[in-house]
Amino acid sequence: MEKLIFEYSRPGRRAHTLPEAPQVNFGVPERRSLRLPEVSEIDVVRHYTRLSRQNYGVDSGFYPLGSCTMKYNPKINEQIAAFEEFAIQNPNTDDWRMVGLLRILYETEKMLCKIFGYAAFTLQPAAGAHGEFTGLLIIRAYHLDRGDTRRVKILVPDAAHGTNPASCTMAGFKQVTIKSMPDGGVDIEDLKKNLDDTVAGFMLTNPNTLGLFEKNIAEISELVHAAGGLLYYDGANANATMGIAKPASMGFDVCHLNLHKTFSTPHGGGGPGSGPVGVTEKLKPYLPVPIVEYDVYVNHYFLEDCLPKSIGKVHSFYGNVGVIIKAWAYMKMQGAAGLKKVSEMAVLNANYIKARLQGVYDIPYDRVCKHEFVISVKEFKKQYGVTAADIAKRLMDYGYHPPTVYFPLIVSECLMIEPTETESKQELDAFCEVMLKIAEEIKTDPELVRSAPHSAIVGRLDEVKAVKEPDLNYFLC
Amino acid sequence: MAYFPHTETEVRQMLETIGVQSLEELFADVPEKYRKEKIEDFPALNEMELMAEVNEQRFQQNHFKYDHCFTGAGRYDHFIPAVVPQLAGRSEFYTAYTPYQPEISQGTLTAIYEFQSMICELTGMDVANASLYDGATALAEAVSMAVTATGRKEYVIANPLHPNYAQVLKTYLTPRNITAGEKIGQSTAAVIFVLPDYHGLISDWSQVLAEAKAAGALLIVCADPLLLSVIEPPQADIIVGEAQPLGLPMSYGGPALGFLAARQNYLRQMPGRIIGRTTDDRGNRPFVLTMQTREQHIRREKATSNICSNEALCALTATIYMSYMGASGLQTVARLCKANTDYAMQKLGSIPGFSVEPGEHFRDFVLHCPTDAREFRINYLHEDGIEAISLSDKDLLLSVTEKTLRESTENSSIDWIYGCLEREWKN
Ligand SMILES: Cc1ncc(COP(=O)(O)O)c(C=O)c1O
């Protein structure tokens, strides 16, 4: 394991070459000490290079992490976003100096509108959850603006991502959980039971978090709208439907996307992301400010701050512009037809792995999947004491990033596999071979799998101790 | 169209293995009426065409470029050493997901633990999280913590806060009936103190701290991390802020880097990811995501926040910047910024008719103008290639960093604006 940067510190060592600073007065007491590392430039370079080698990214290998769409992050996108003309810009600068950048934002919005069928998008939310929050505030503003103050509830399926219910609470709603059917779809009866005039909306992920398309979407949409509610689309799984079906046409009034999933921007080890929110015409007045506008007559792009019914601001400036530029470049490279092909190939890849693992692994929802699917290893657990987590760790021994485990919560001992469209048949075959081999190992040598990983730089971590004796700060331990 | 490895033969083989005839069949579960709809087309470019298009937009940007930028107000043009983007640009870092699998994520986990430790050291707090979207949302999350901790529902803003931050607070908190109050009192959950304030003014917080304490409210300080490197950190309950100045480009406002640090006793109310150190079965001391029962994936609607993806790569970048700079580097940057602010204030304030807001300022400062500031800015400053913000019809908000040149060079920015102001006003 690599040491902490603090452990390389030697008094008096330094990397920077800044000029001497003059004596100045801050008007308040100055601090006596600041214990940051005292290291040389090469110390910094070697330390973070070593750390990078203890990481695993899409560039390192196959990363079938379900619900996360870990596709290839094109290098050209990184290069474009880093250009000084875009990266070194103060957000308070006048619009007329920002024509290139504002145009990129405007075009991004328009391309998203075309693919998903919305009247407008805001690009401000900095991640998916931030988008959910923004979308829910728009729903709230819509009802209140009509003088309907009784709609205090949002319905959320039990299979939904945890951010959905958490966003409801933050947006001031009470969330109500809706059950799923044995086939993974929404339990329509349970939905009907909960639909009344206190319901502001229903949040749905489609394809859902099991990777299955919600077949009853037309009926669901009718029911929710008949009850006066709005339909919200969690677009985390949009990689399965681009160019195939528009969420707006399916009846979703509001939608968020994850540019750091579907639109190839890198995940950064946990962000920065970007979670644009699309709305239908009737919800446009409530979008957060500012919005990017274009005046054809003077060929002028500008930020519009004056939206009297807007929910307000959700970000200190305009969201993660540096991320949005990458998604813009990606859409330009793909075109509308390319984005459709993305979804086709993503779904092809998922169904291919599913077909190859069928029979050996238990696939609880046995129908055509979309861009991902779920397997359950509860039988392996019962018979051999091997869990989903064990299989995940064993996959690391074979050089893979594991699939998502234990999500969604409604399937026990589950692994959720999402290959994405950027993986070749050879890559998928190699992965399937390893999965089949592990299934064999489980039967012949379960301990080998239970005690994995064997090749990682660290062994099994004591996560209970991490909570019981929190060590969260180098200077406190 | 790009990034598809499939050959036509392979697509056919794969369809066969799946047991379907065509790609369309894989979408048979999507009702036909949606599938039949037309998608409005837009063309695909190849990489060469894309670069030509990008260069056109870059040209557009450059065409209207200013020569002397005095715009700050929330994002700052600091010097970024070459090491920082080069290391943060290693793809093992940037192409990884959230470190759910610690065995193959020690790189990100170790760096974020270092980040948390450095933020604690800068703020004088016990615990910090792995980042939030930006300074404004970090402040909103902090108020939300204070509401949980005190059971009260009002926050008071003690000194001038960036108006965008105030708006974000309103958007975030109003739906939960958490409102801005005027006076510190028994219903105050949190008192917000900004350091430096929107105008760059550094003021003493001890009075505000005493009032917050007396009322049983939490003191939240929204502080600049560079300023914290030189001054005694306030005795707050929670310290938040925007860490873009720590090695991140301004990027037209984002990606940014919200940080949040608190005293130990507020750990359970904290939002976001937290990295902890533990042991493994081989005697190592590795790092792992911890204290997760606060978070949305476990606690769902009862979570402390909905945040999931945050700004991890920005936190890594700031960590590399702080490692490279060390205490002496951060403090040098802070002092150079202060010296340039002092110089600019003294120089511009000395022009007859102009004056500056009194007090110690850091980077941002207010210049009172003898004429309509908005018109002056548009009619004169823009003509002279100067970019600045007008606060009102009286005031300009100007900003400098350690990069702003002072005197003796031909293009020195501060002397340039001095010359321009003096000349324009005289005419
Ligand atoms: C289905 C679903 N919804 C929402 C989110 C939240 O997105 P973010 O992490 O960008 O906030 C995720 C992310 O994992 C997800 O998988």
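The values are calculated or read from the model by the stated rules, or taken from the named source; none is laboratory data. As the structure is a prediction and not an experimental result, all values here were calculated from the model. Cβ: placed from backbone, ideal geometry, glycine included. Neighbour counts: every protein chain shown.
For the stretch B:228-239, which positions are of a type outside the set (D, E, K, R) and surrounded by fewer than 23 Cβ atoms within 10 Å (Cβ to Cβ)?
B:231, B:233, B:234, B:235
Scanning for something surrounded by fewer than 18 Cβ atoms within 10 Å (Cβ to Cβ), at the interface with chain B (Cβ under 7 Å from one of its Cβ atoms) and not small (Gly, Ala, Ser), does the stretch A:415-436 turn up at least one residue?
no
Can you tell me which residue in the stretch A:1-45 is surrounded by the most Cβ atoms within 10 Å (Cβ to Cβ), limited to those that are part of a loop (DSSP other than H, G, I, E, B) and β-branched (Val, Ile, Thr)?
A:39
Among the residues of the stretch B:175-206, write down those that are more than 12 Å from every other protein chain (Cβ to nearest Cβ), assigned to a loop (DSSP other than H, G, I, E, B) and over 22 Å from the mean Cα position of the chain (by Cα).
The answer is B:182, B:183, B:184, B:185, B:186, B:187.
For the stretch B:289-404, list the helices (runs of 4 or more DSSP H) that sit wholly inside it and hold at least 1 residues that are β-branched (Val, Ile, Thr), without any contact (Cβ under 8 Å) to a residue 24 or more places away in the chain and assigned by TED's automatic domain parsing to the domain that holds residue B:123; which are they?
Filter on the stretch B:289-404 gives B:296-299.
Would you say residue A:176 is more than 11 Å from chain B (Cβ to nearest Cβ), farther than 16 Å from residue B:298 by Cβ, touching a Leu at 6+ places or on another chain (Cβ under 9 Å) and more than 16 Å from the ligand (Cβ to nearest atom)?
No: the conditions fail for residue A:176.
Output the number of the condition that residue B:288 fails; it satisfies all remaining conditions of (1) crowded, with 24+ Cβ neighbours inside 10 Å; (2) more than 14 Å from the ligand (Cβ to nearest atom); (3) within 22 Å of the chain's Cα centre (by Cα).
Of everything listed in (1) crowded, with 24+ Cβ neighbours inside 10 Å; (2) more than 14 Å from the ligand (Cβ to nearest atom); (3) within 22 Å of the chain's Cα centre (by Cα), residue B:288 misses just condition (3).
Which residue out of B:121, B:141, B:92 is in a helix (DSSP H, G or I), crowded, with 24+ Cβ neighbours inside 10 Å, at the interface with chain A (Cβ under 7 Å from one of its Cβ atoms) and of a type in the set (Asp, Glu)?
B:121
Out of all the residues in the stretch A:391-411, which are more than 16 Å from the ligand (Cβ to nearest atom) and out of contact with any strand residue (DSSP E or B) (no Cβ under 6 Å at 6 or more places or on another chain)?
A:391, A:393, A:394, A:395, A:396, A:397, A:398, A:399, A:400
Output yes when any residue across the stretch B:151-174 is away from every other protein chain (no Cβ under 14 Å), under 24 Å from the mean Cα position of the chain (by Cα) and hydroxyl-bearing (Ser, Thr, Tyr), and no when none is.
So far as the stretch B:151-174 goes, yes, one or more of its residues are away from every other protein chain (no Cβ under 14 Å), under 24 Å from the mean Cα position of the chain (by Cα) and hydroxyl-bearing (Ser, Thr, Tyr).
Filter the stretch B:1-50 for residues that are part of a helix (DSSP H, G or I) and hydroxyl-bearing (Ser, Thr, Tyr); which is farthest from residue A:251 (Cα to Cα)?
Only one residue tops the list, namely B:9.
Can you tell me which residue is farthest from the ligand (Cβ to nearest atom) among those in the stretch A:221-230 that are outside any loop (DSSP other than H, G, I, E, B) and surrounded by fewer than 24 Cβ atoms within 10 Å (Cβ to Cβ)?
Checked the stretch A:221-230; the qualifying residue farthest from the ligand (Cβ to nearest atom) is A:226.
List the residue pairs whose Cβ atoms are under 8 Å apart, where the first residue sits in the stretch A:222-239 and is over 11 Å from residue A:206 (Cβ atoms), the second is in a helix (DSSP H, G or I) and within 16 Å of the ligand (Cβ to nearest atom), and the two are 6 or more positions apart or on different chains.
The qualifying pairs are A:239/A:346.
Kindly evaluate residue B:165 against the criterion of being buried (at least 20 other Cβ atoms within 10 Å of the Cβ) and in contact with a His (Cβ under 6 Å, 6 or more places away or on another chain).
It is false that residue B:165 is buried (at least 20 other Cβ atoms within 10 Å of the Cβ) and in contact with a His (Cβ under 6 Å, 6 or more places away or on another chain).
Just checking, how many residues over the stretch B:339-384 are modelled with pLDDT of 90 or more and β-branched (Val, Ile, Thr)?
Adding up the residues that qualify gives 4.
Residues in the stretch A:27-50: is at least one more than 7 Å from chain B (Cβ to nearest Cβ), polar (S, T, N, Q) and within 15 Å of residue B:331 (Cα to Cα)?
Within the stretch A:27-50, one or more residues are more than 7 Å from chain B (Cβ to nearest Cβ), polar (S, T, N, Q) and within 15 Å of residue B:331 (Cα to Cα).
Please enumerate the residues belonging to the stretch A:225-246 that are farther than 22 Å from residue A:347 by Cβ and touching a helix residue (DSSP H, G or I) at 6+ places or on another chain (Cβ under 8 Å).
From the stretch A:225-246, those farther than 22 Å from residue A:347 by Cβ are A:225-232; that's our starting set.
Within the stretch A:225-246, A:230, A:231, A:232 meet the criteria.
Condition check ((1) small (Gly, Ala, Ser); (2) part of a helix (DSSP H, G or I); (3) over 20 Å from the mean Cα position of the chain (by Cα); (4) modelled with pLDDT of 95 or more) across all residues:
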| position | (1), (2), (3), (4) |
| --- | --- |
| A:259 | no, no, no, yes |
| A:267 | no, no, no, yes |
| A:278 | yes, no, no, yes |
| A:298 | no, no, yes, no |
| A:329 | yes, yes, no, yes |
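For the stretch B:248-284, give me each residue that is of a type in the set (D, E, K, R), more than 16 Å from residue B:117 (Cβ to Cβ) and either in contact (Cβ under 8 Å) with a residue 60 or more places away in the chain or facing chain A (nearest Cβ under 9 Å) (or both).
Residues satisfying the conditions are B:280, B:281, B:282.
Can you name the residue in the stretch A:144-153 that is free of Cβ contacts under 8 Å to residues at least 60 places away in the same chain and of a type outside the set (Gly, Ala, Ser) and, of all such residues, is nearest to the ligand (Cβ to nearest atom)?
Here is the first cut: in the stretch A:144-153, the residues free of Cβ contacts under 8 Å to residues at least 60 places away in the same chain are A:144, A:146-147, A:149-150, A:152-153.
Those left that are additionally of a type outside the set (Gly, Ala, Ser): A:144, A:146, A:149-150, A:152-153.
Numbers: A:144: 25, A:146: 28, A:149: 28, A:150: 28, A:152: 23, A:153: 20 Å.
Result: A:153.
Mind checking whether some residue in the stretch A:242-255 is farther than 23 Å from residue A:96 by Cβ, within 12 Å of another protein chain (Cβ to nearest Cβ), touching a residue at least 40 places away in the same chain (Cβ under 8 Å) and among the aromatic types (Phe, Trp, Tyr)?
yes
Please state which of the following conditions residue A:159 fails to meet, knowing it meets all the rest: (1) within 16 Å of the ligand (Cβ to nearest atom); (2) at the interface with chain B (Cβ under 9 Å from one of its Cβ atoms); (3) in contact (Cβ under 8 Å) with a residue 40 or more places away in the chain.
Of everything listed in (1) within 16 Å of the ligand (Cβ to nearest atom); (2) at the interface with chain B (Cβ under 9 Å from one of its Cβ atoms); (3) in contact (Cβ under 8 Å) with a residue 40 or more places away in the chain, residue A:159 misses just condition (2).
When you scan the stretch A:258-300, how many residues do you find that are free of Cβ contacts under 8 Å to residues at least 24 places away in the same chain, away from the ligand (no atom under 16 Å from the Cβ) and either hydrophobic (A, V, I, L, M, F, W, C) or surrounded by 24 or more Cβ atoms within 10 Å (Cβ to Cβ) (or both)?
Residues flagged as free of Cβ contacts under 8 Å to residues at least 24 places away in the same chain, away from the ligand (no atom under 16 Å from the Cβ) and either hydrophobic (A, V, I, L, M, F, W, C) or surrounded by 24 or more Cβ atoms within 10 Å (Cβ to Cβ) (or both) within the stretch A:258-300 amount to 2.
Quick one: in the stretch A:89-138, of everything that is β-branched (Val, Ile, Thr) and at the interface with another protein chain (Cβ under 10 Å from one of its Cβ atoms), which residue is nearest to the ligand (Cβ to nearest atom)?
Among those that are β-branched (Val, Ile, Thr) and at the interface with another protein chain (Cβ under 10 Å from one of its Cβ atoms), it is A:134.
Look through A:151, A:140, A:146 and report the one residue that is more than 29 Å from residue A:272 (Cα to Cα), charged (D, E, K, R) and in contact with a strand residue (DSSP E or B) (Cβ under 8 Å, 6 or more places away or on another chain).
Among A:151, A:140, A:146, only A:151 is more than 29 Å from residue A:272 (Cα to Cα), charged (D, E, K, R) and in contact with a strand residue (DSSP E or B) (Cβ under 8 Å, 6 or more places away or on another chain).
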